[in-house]
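To start, the structure itself, in structure tokens.
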Amino acid sequence: MTTIRLVDAATVTGKTKEIFDAVLLRERKVFGAESVSNIWRCQGHAPDLLEANWNRSRALMQRGRFSPLQRELIATAVSVANACTY
Amino acid sequence: MRLGVDEVGVTELMGVTEHTRAMATTAAALLLDSLETGRPLIAPLDVPASGDVSAIVDEIRAWSAAALGSPDVPLLWRILARNPHYLESTWRKETAVMAAGALGAHDKRRVALGVAMAVRGRYMIEYNAAILRRSGDDDRDILEVLGVVDHYTTLNTLSEGMQIDSDIRPQSV
């Protein structure tokens, strides 16, 4: 059970809307998402945190030498090691 | 997994993950600080070894010369050599899990480094980084692994802290 209300992407404005739009564009391309995923919606209450983590996501997961699959393999393994079910 | 890895690949990935996590636990339990230093909980076997473990130790030495650039048998393996069954079963698992299959051997080694970093296993961080550097990875590659570990530690912490339900499903399931 989520301990926080997930921000509705249809109601956001300003910086949060810009980032949610960018997230959805990316997630639609990568795994066919139809809506902004919960991990980003939960950060919508704090736009500065959302922006900082989205910028880091772009820097660390979308740029560099590794292929998307190589990064995804590491990310999945790390999430398992961190006992994260999301 | 969202990028087209099949069930064999996913199972191999989980094998690398659990194996590295277990090895990091083993190294920490033995008080192995790093590849070069430390006062381990259990004294390593002197090499060249004789008896039951000599063939496996020789195999590890040959592997180490190629993979680490050193003919020395890593401390962890020399400690496990105190128990021939422990050494052989673990070494056989290491070679099976880390060999190329559905996933490439180099990609698996980068995953192993990421897991070692995530669980803060210093010995296994040094061990896997040394193997990666020997096969061509440089500081920027190592930092790229760390970047993924760092970012996913952030996302994992947020999702666990807020108990976020997963809404991402594999496309093929």
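Bear in mind that the values in this text are calculations on the coordinates, not laboratory data. The structure displayed is predicted, hence computed values, not measured ones. Every residue, glycine as well, gets a Cβ built from its backbone with ideal geometry; the counts of neighbours run over all protein chains shown.
Through the Karplus equation 6.51 cos²θ - 1.76 cosθ + 1.60, θ set to phi - 60°, convert the phi angles of the stretch A:5-16 into ³J(HN,Hα) values in whole Hz; use x for Gly and Pro.
My calculation for the stretch A:5-16 gives 5, 7, 5, 6, 4, 6, 10, 7, 9, x, 4, 5 Hz in order.
Compute the distance in nm between two label points, each set 7 Å from the Cα along the Cα-to-Cβ direction, one at B:A55 and one at B:K93.
2.1 nm
Quote the charge dipole size of chain B about the Cα centre in Debye, to the nearest 20; the model charges only the Cβ of Lys and Arg (+1) and of Asp and Glu (-1).
Charge dipole of chain B: 240 debye, to the nearest 20.
Based only on other Cβ atoms within 10 Å, what is the fewest-to-most ordering of B:M162, B:M124? Spell out each step's value before the answer.
Numbers: B:M162 18, B:M124 27.
Going from sparsest to densest Cβ surroundings: B:M162, B:M124.
Could you work out, residue by residue across A:31-41, how many beta carbons of other chains sit within 10 Å of that residue's beta carbon, and then give the average as an integer?
4
So what's the angle, to the nearest 10 degrees on a 0 to 90 scale, between helix B:54-67 and the longest Cα principal axis of chain B?
In chain B, helix B:54-67 runs at an angle near 50 degrees to the longest axis.
How large is ³J(HN,Hα) for each residue in the stretch B:38-49, as worked out from phi by the Karplus curve 6.51 cos²θ - 1.76 cosθ + 1.60 (θ = phi - 60°), to whole Hz, x for Gly and Pro?
Calculated HN-Hα couplings, in order: x, 10, x, 4, 10, 5, x, 6, 6, 10, x, 8 Hz.
Please sort by residue number the GluC sites (Glu not before Pro) in the stretch A:12-62 whose DSSP state is loop and whose Cβ has at most 12 other Cβ atoms within 10 Å. Walk me through the intermediate numbers first.
Details: sites: A:E18, A:E27, A:E34, A:E51; in loops: A:E34.
Taking the stretch A:12-62 and a limit of 12 other Cβ atoms within 10 Å, the loop GluC sites (Glu not before Pro) found are A:E34.
Net charge within 10 Å of B:A100 by Cβ-Cβ distance, Lys/Arg positive one each and Asp/Glu negative one each, not counting B:A100 itself? Mind dumping the intermediate values first?
Values: positive: B:K108; negative: B:E12, B:D107.
Summing Lys and Arg as +1 and Asp and Glu as -1 gives -1.
Add +1 for every Lys or Arg and -1 for every Asp or Glu among the other residues with Cβ under 15 Å from the Cβ of B:A29, and state the total. The partial results should precede the final answer.
Values: positive: B:R21, B:R39, B:R82, B:R120, B:R122; negative: B:D33.
That sum, taken over residues with Cβ under 15 Å, equals +4.
What stretch of chain B, leaving out the sites themselves, is the longest with no trypsin sites (Lys or Arg not before Pro) in a DSSP loop having at most 15 other Cβ atoms within 10 Å?
Details: sites that count: B:R82, B:R120.
Result for the longest clean stretch: B:1-81.
In the stretch A:1-45, what trypsin sites (Lys or Arg not before Pro) fall in a loop by DSSP, with at most 13 other Cβ atoms inside 10 Å? If you can, show how the numbers build up before the last one.
Numbers: sites: A:R5, A:K15, A:K17, A:R26, A:R28, A:K29, A:R41; in loops: A:R5.
For trypsin sites (Lys or Arg not before Pro) across the stretch A:1-45 that sit outside H, G, I, E and B with at most 13 neighbouring Cβ atoms in 10 Å, the list reads A:R5.
Could you let me know the centre-to-centre spacing of the stretch B:63-97 and the stretch A:1-69, using Cα atoms, in angstrom?
When both Cα centres are located, 43 Å separates them.
Using label points projected 7 Å from each Cα along Cα→Cβ, tell me how many nm separate B:S135 and B:E160, to one decimal.
Each label point is offset 7 Å from its Cα along the Cβ direction, giving 2.9 nm.
Give the residues of the stretch B:114-152 whose amide nitrogen is closer than 20 Å to a point set 7 Å from the Cα of B:A66 in the direction of its Cβ.
B:127-137
Quick one: 3J(HN,Hα) in Hz for the stretch B:123-134, Karplus 6.51/-1.76/1.60 with θ = phi - 60°, rounded, Gly and Pro as x.
Calculated HN-Hα couplings, in order: 4, 6, 4, 5, 4, 6, 5, 5, 5, 5, 5, 4 Hz.
Over all directions, what mean area does the Cα convex hull of the stretch B:16-173 project, stated in square nanometres? Could you put the intermediate results ahead of the total?
On the way: hull surface 44.7 nm².
Spelled out: convex hull of the Cα atoms, projected over all directions, averaged, 11.2 nm².
Can you put B:T11, A:T11 in order of Cβ neighbours within 10 angstrom, beginning with the fewest? Please list the in-between numbers first.
On the way: B:T11 13, A:T11 9.
So the residues, fewest neighbours to most, are A:T11, B:T11.
Provide B:Y152, A:Y86 in ascending order of the number of other Cβ atoms located within 10 Å of each residue's Cβ, fewest first.
Details: B:Y152 25, A:Y86 18.
Going from least to most buried by this count: A:Y86, B:Y152.
To two decimal places, what compactness ratio does the protein assembly as shown give when its Cα radius of gyration is scaled by 2.2 N^0.38 Å?
Values: Rg = 20.9 Å, N = 259, 2.2 N^0.38 = 18.2 Å.
That works out to 1.15 for the protein assembly as shown.
Hey, which lysines would be in cross-link range of B:K108, C-alpha to C-alpha under 28 Å, not counting anything within fewer than 8 residues on its own chain?
Hits, sequence-local ones excluded: A:K29, B:K93.
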